[in-house]
Amino acid sequence: METVATAVEREPRTYLNVDHTLKSWLLTEDHKRIGILYLIVITIFFAIGGLFAALIRIELTTPAGDLVESSVYNRLFTGHGIIMVFFFLIPSIPASLGNFLIPLMIGAKDVAFPKLNLLSWYLYVIGGSMALTAIIYGGIDTGWTFYVPFSTGYASGMVMLTLVGIFINGFSSILTGLNFMVTIHRMRAPGMTWFRLPLFIWSLYSTSLIQVLATPVVAVTLLLAALERGLHIGIFDPALGGDPVLFQHLFWFYSHPAVYIMILPAMGVTSEIISTFSKKEPFGYSFIALSSLAIAVFGFIVWGHHLFVSSQSVYAGMVFSILSYLVAIPSAIKVFNWVSTMYKGSVELTTPMLYGIGFIGLFTIGGLTGLFLASMGMDVHLTDTYFVIAHFHYIMVGGAIMGFMGGLHFWWPKITGKLYSETWARLSAIIIFLGFNLTFFPQFILGYMGMPRRYHVYAPEFQVFNVLSSAGASVLGLGYALPLVYFLWSIFFGKKAPANPWGATGLEWQIQSPPLPENFEITPVITEAPYHYAPSEEVVHVG
Amino acid sequence: MEQKSIQFFPEQASTIAHSVDGLYLYLVLVTAFFSILIATLIVIFAVKYRRRADTPTPKAVHGGLWLEITWSVIPLGLSMVMFAWGASIFFTESRPPADSMEIYVTGKQWMWKIQHMEGQREINELHIPVNRDIKLTMTSEDVIHDFYVPAFRTKSDVLPGRYTTEWFHATKTGAYHIFCAEYCGTKHSGMIGTVYVMEPQQFDAWLSGGGGTGTLAQKGEALFSQLGCVTCHQATADVKGRCPNLHGIWGRPQQLTTGASVTVDAGYVSESILNPSAKIVAGYENIMPTFSGLVTAEGVTELVEYVKSIGPAPGAPGSAPAPAAKGAPAAKGAPAAKAAPAATVKP
């Protein structure tokens, strides 16, 4: 980051060039710098998690377990899951882009609690380092779901250290959520009413709500598992008088809403991108905004759909099944509104827009295949198979990571003040889209054929689709490697970015790139709706 | 399990498989319709409304409420069909027909142990007759497993410390995969086996071959006396002992010291053997020691079958070896594992 600052040395004062020392970064209270600190660590975790995935896919090209032993394979998928879920996906958009953008988009100088914000980053780094240490030295083979009594009584490896690492990281997530909620409530510029908030802010507000309310539950649950493992206090293990299904209820009470922590911010990014590159205000602004809140609230009461085959009562299962369908409706509303935003727009297929429409397509498939799993009789056959793997990767990779990449490309000129190569970036977006589908679509078929997840060795009839999937993964890997190159290149050699390269209406685009340390010279006063592309008297009504 | 060329579906070898595949087809059609609709609209809009040099800033388009309602209500309607259809299949799956043939399954890291009522045992293989309702009663000796037969489109978790059930009605002879579908440790992917669906005559031949040493209930009875259960638990009608009399209690409610009531079933009998102080029958002391560690999960299964066989089981046809009667009137409804003075019980 030192170099970033050097490159813009002779430029006007920005948050990047005010101070170049390492100390000024590590002790910064500037939300923009903290966002960048997050971005760096998140990228490292993504690379490590991706490496684990690569090894898994290489192993699965043949039915026999010939690359690594079963104990190693189990450590690979556990490491992949823990790193990607807890240390990449959950913090990805909120902690990096959210941190950078919330104050800019609502017209504030910083978040409500800047010191707490820095503390969140340190907790994340400490928790992440502990988990990473455990995963690399000794490893852990519980799966990221830590099901008991396996994790508390049978698993080998450094389970304890991992649990404590995730526990500490949970506080980072809670504090960030709290910080964002207070910021959005209390620090909006004059005139920035709730319904003038950009949709990205609505999505982050909903996300924060889940982070604050759900994370404590998983923190306590994992702590109880740690107590049972360390001190043999019987909570979950039937041999100690506990209930193993209780663990699953508690775990999914967090981990289902956690899916919305991952996907809601990506939905927010998509709303911004589709509007900007259609040069049109989002169709159904208030429906998109409120559907984020609806997803956050309904997301809390559907966890039981993970337990249809876990000996849960049939009637409880029915309630969870019907509620799961209800939570799908706000997502459908969003998709229809995004597509309608493009209707009679002025559509420009820039890199962020490619990611935006890629997100809509992949999220649609991910969401619709979720309907299979909410249907109880269908789920009995599909749960714990590759169908589930394919479904949630369409949501998390096809959805959350496409959103993250889209957002990164969209705001990169604002964050760094530099432009990247549009040609290379579009190429990589297309490679990622194709590679993604080749990797994960065959897994739907594998799942219906009955291939269970977490299988090191598999029956020979599953090989064809596994080979396709592994081939797709190598394309996907190339797609992810490219941005690393052209983004770094842009920092050193990229053209200087103007304040508003996309012609967007958001507040963050009305200030210089990169922004001043204090964001705004004078506090802005908001007098218009957020997406005023066309004069408001020229509205066309449909329907 | 003979595999030729590329497959997209597992074999369809049970009654449930037919209904699940029907639902799957509906779900695939809905998914394909909406995915193609969305993709087509995006492509059309991206091409038709692409920005040209002279494109003016487009006017804002506002939709009416009815449009939002329309595209909420249509998906809602389609998904309620998914809900109802899926729930009705699930109801069928979770209610084993009353006259099912019963088989016990015990999972342990990393194998499946099967016990037939007639005393046959097998490991990682399950032989069943075609066209017959089969009910599995399953438990685990260690961690959570899951008994999954893709060709039957059904699975159920197998938990330590309790019994779960799974049933199916095979419609096609052949050999099909058994997979453990709940991650259970190092050799999880090796916890596999084969279901052999056989013609009834072949199955009967298989069942009578390879000598068993008696039925499950007989084995349970031997274990009952070997473990010394008989010193406290009477199995003869109307004899009062230190612990509840087991005669005819299967399927009947028992009054507990807490005032609650519990029905004597596999789960309760198993719990009473492994964790006797959990539920005490009213009128008895908490004196029974645990047999956890002294008896295997399969042993517990045998004891359960023995308890089921003692005396007239309500409604259950063929309440098996009638115990030799002896003894005095017993407190009505004595429960499972608790003590009573010795009495030899021989059929």
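From the residues in segment B:155-167 that are under 10 Å from the mean Cα position of the chain (by Cα) and assigned to a strand (DSSP E or B), which one is farthest from the other protein chains (Cβ to nearest Cβ)? Going through the qualifying residues, I end up with B:TRP167. The single condition among (1) in a helix (DSSP H, G or I); (2) within 13 Å of chain B (Cβ to nearest Cβ); (3) more than 30 Å from A:GLY304 (Cα to Cα) that A:LYS344 does not meet is (1).
Do we find that A:GLU508 is surrounded by fewer than 19 Cβ atoms within 10 Å (Cβ to Cβ), among the acidic types (Asp, Glu) and farther than 27 Å from B:ASP157 by Cβ in this structure? When the stated conditions are applied, A:GLU508 does not pass them.
Facing another protein chain (nearest Cβ under 9 Å), surrounded by fewer than 24 Cβ atoms within 10 Å (Cβ to Cβ) and not in a loop (DSSP other than H, G, I, E, B), is that true of A:THR364? Answer is no for this residue. Restricting attention to segment A:486-526, the residues being outside any loop (DSSP other than H, G, I, E, B), in contact (Cβ under 8 Å) with a residue 60 or more places away in the chain and on the phi < 0 side of the Ramachandran plot number 11.
Residue-wise test of (1) touching a Pro at 6+ places or on another chain (Cβ under 9 Å); (2) polar (S, T, N, Q); (3) closer than 12 Å to B:PHE147 by Cα.
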{"residue": "B:GLY161", "(1), (2), (3)": "yes, no, no"}
{"residue": "B:THR171", "(1), (2), (3)": "no, yes, no"}
{"residue": "B:ALA175", "(1), (2), (3)": "no, no, no"}
{"residue": "B:LYS187", "(1), (2), (3)": "no, no, no"}
{"residue": "B:MET191", "(1), (2), (3)": "no, no, yes"}
{"residue": "B:VAL195", "(1), (2), (3)": "no, no, yes"}
{"residue": "B:MET198", "(1), (2), (3)": "yes, no, no"}
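When each of B:GLU298, B:GLU285, B:GLU302 is tested for being at pLDDT 50 or above, acidic (Asp, Glu) and surrounded by fewer than 13 Cβ atoms within 10 Å (Cβ to Cβ), the lone residue that passes is B:GLU285. Contact map, segment A:173-198: residues that are modelled with pLDDT of 95 or more paired with residues that are acidic (Asp, Glu) and in a helix (DSSP H, G or I), Cβ distance under 9 Å, separation 6+ or inter-chain. Pairs shown: A:PRO198/A:GLU272; A:PRO198/A:GLU508. Could you list, in sequence order, all residues of segment B:185-205 that are of a type outside the set (S, T, N, Q) and within 24 Å of B:LYS108 (Cβ to Cβ)? B:GLY185, B:LYS187, B:HIS188, B:GLY190, B:MET191, B:ILE192, B:GLY193, B:VAL195, B:TYR196, listed by residue number. Here B:LYS187 passes the criteria (1) facing chain A (nearest Cβ under 9 Å); (2) surrounded by fewer than 19 Cβ atoms within 10 Å (Cβ to Cβ); (3) within 21 Å of the chain's Cα centre (by Cα) except the one numbered (3). Applying the criterion of being part of a loop (DSSP other than H, G, I, E, B) and modelled with pLDDT of 90 or more to the residues of segment B:1-50, the residue that is surrounded by the fewest Cβ atoms within 10 Å (Cβ to Cβ) is B:GLN12.
Filtered by the rule that a residue be more than 29 Å from the chain's Cα centre (by Cα) and within 14 Å of chain B (Cβ to nearest Cβ), segment A:515-531 gives a lone residue, A:GLU528. Would you confirm, using the coordinates I've provided, whether A:ILE329 is surrounded by fewer than 22 Cβ atoms within 10 Å (Cβ to Cβ), in a helix (DSSP H, G or I) and within 23 Å of the chain's Cα centre (by Cα)? Taking the combined requirement at face value, the residue satisfies it. Do we have any residue at all in segment B:47-69 that's under 21 Å from A:PHE465 (Cβ atoms) and without any contact (Cβ under 8 Å) to a residue 12 or more places away in the chain? No: segment B:47-69 contains no residue that is under 21 Å from A:PHE465 (Cβ atoms) and without any contact (Cβ under 8 Å) to a residue 12 or more places away in the chain.
Selection of segment B:122-143 for residues being in contact with a strand residue (DSSP E or B) (Cβ under 6 Å, 6 or more places away or on another chain) and outside any strand (DSSP E or B) yields B:ASN124, B:VAL130, B:ARG132, B:GLU141, B:ASP142. Scanning segment A:48-106 for residues that are within 18 Å of the chain's Cα centre (by Cα) and of a type in the set (Val, Ile, Thr) yields A:ILE48, A:ILE82, A:ILE83, A:VAL85, A:ILE90, A:ILE93, A:ILE102. Taking segment A:129-183 as the range and being hydroxyl-bearing (Ser, Thr, Tyr), more than 14 Å from every other protein chain (Cβ to nearest Cβ), assigned to a helix (DSSP H, G or I) and over 19 Å from the mean Cα position of the chain (by Cα) as the test, the residues that pass are A:SER129, A:THR133, A:THR162, A:THR183. None of A:SER275, A:SER271, A:SER286 is more than 13 Å from chain B (Cβ to nearest Cβ) and among the hydroxyl-bearing types (Ser, Thr, Tyr) except A:SER271. Based on this model, can you work out whether B:LYS108 counts as within 14 Å of chain A (Cβ to nearest Cβ) and under 17 Å from the mean Cα position of the chain (by Cα)? Against the criterion (within 14 Å of chain A (Cβ to nearest Cβ) and under 17 Å from the mean Cα position of the chain (by Cα)), B:LYS108 qualifies. Scan segment B:136-186 residue by residue and report those that are among the aliphatic types (A, V, I, L, M) and more than 17 Å from A:LEU307 (Cβ to Cβ). Across segment B:136-186, the qualifying residues are B:LEU136, B:VAL149, B:ALA151, B:ALA170, B:ALA175, B:ILE178. Considering A:ALA529, A:ALA534, the condition of being surrounded by fewer than 16 Cβ atoms within 10 Å (Cβ to Cβ), assigned to a loop (DSSP other than H, G, I, E, B) and among the small types (Gly, Ala, Ser) is satisfied by A:ALA529 alone.
Does A:GLY494 satisfy the criteria of being within 14 Å of another protein chain (Cβ to nearest Cβ), under 29 Å from the mean Cα position of the chain (by Cα) and under 30 Å from A:LYS279 (Cα atoms)? Against the criterion (within 14 Å of another protein chain (Cβ to nearest Cβ), under 29 Å from the mean Cα position of the chain (by Cα) and under 30 Å from A:LYS279 (Cα atoms)), A:GLY494 does not qualify. Reported count of residues in segment A:50-73, each being among the β-branched types (Val, Ile, Thr) and either in a helix (DSSP H, G or I) or crowded, with 19+ Cβ neighbours inside 10 Å (or both), is 3. Considering A:VAL302, A:VAL314, A:VAL309, A:VAL269, the condition of being β-branched (Val, Ile, Thr) and touching a strand residue (DSSP E or B) at 6+ places or on another chain (Cβ under 7 Å) is satisfied by A:VAL309 alone.
Taking segment A:374-454 and the helices (runs of 4 or more DSSP H) fully enclosed by it, the elements with 2 or more residues that are away from chain B (no Cβ under 14 Å) and over 30 Å from A:GLU508 (Cα atoms) are at A:386-395, A:422-449. Taking segment B:23-49 as the range and being more than 17 Å from B:GLY77 (Cα to Cα), of a type in the set (S, T, N, Q) and within 9 Å of chain A (Cβ to nearest Cβ) as the test, only B:SER35 passes.
Scanning segment A:184-198 for residues that are in a loop (DSSP other than H, G, I, E, B) and of a type outside the set (Lys, Arg) yields A:MET187, A:ALA189, A:PRO190, A:GLY191, A:MET192, A:THR193, A:LEU197, A:PRO198.
Of everything in segment B:90-104 that's in a helix (DSSP H, G or I) and either of a type in the set (Ser, Thr, Tyr) or touching a strand residue (DSSP E or B) at 6+ places or on another chain (Cβ under 7 Å) (or both), which residue is surrounded by the most Cβ atoms within 10 Å (Cβ to Cβ)? The selected residue is B:GLU93.
The values are calculated or read from the model by the stated rules, or taken from the named source; none is laboratory data. Predicted model only: the values in this text are computed from it and were never measured. All Cβ positions, glycine included, derive from the backbone under ideal geometry; neighbour counts span all protein chains shown.
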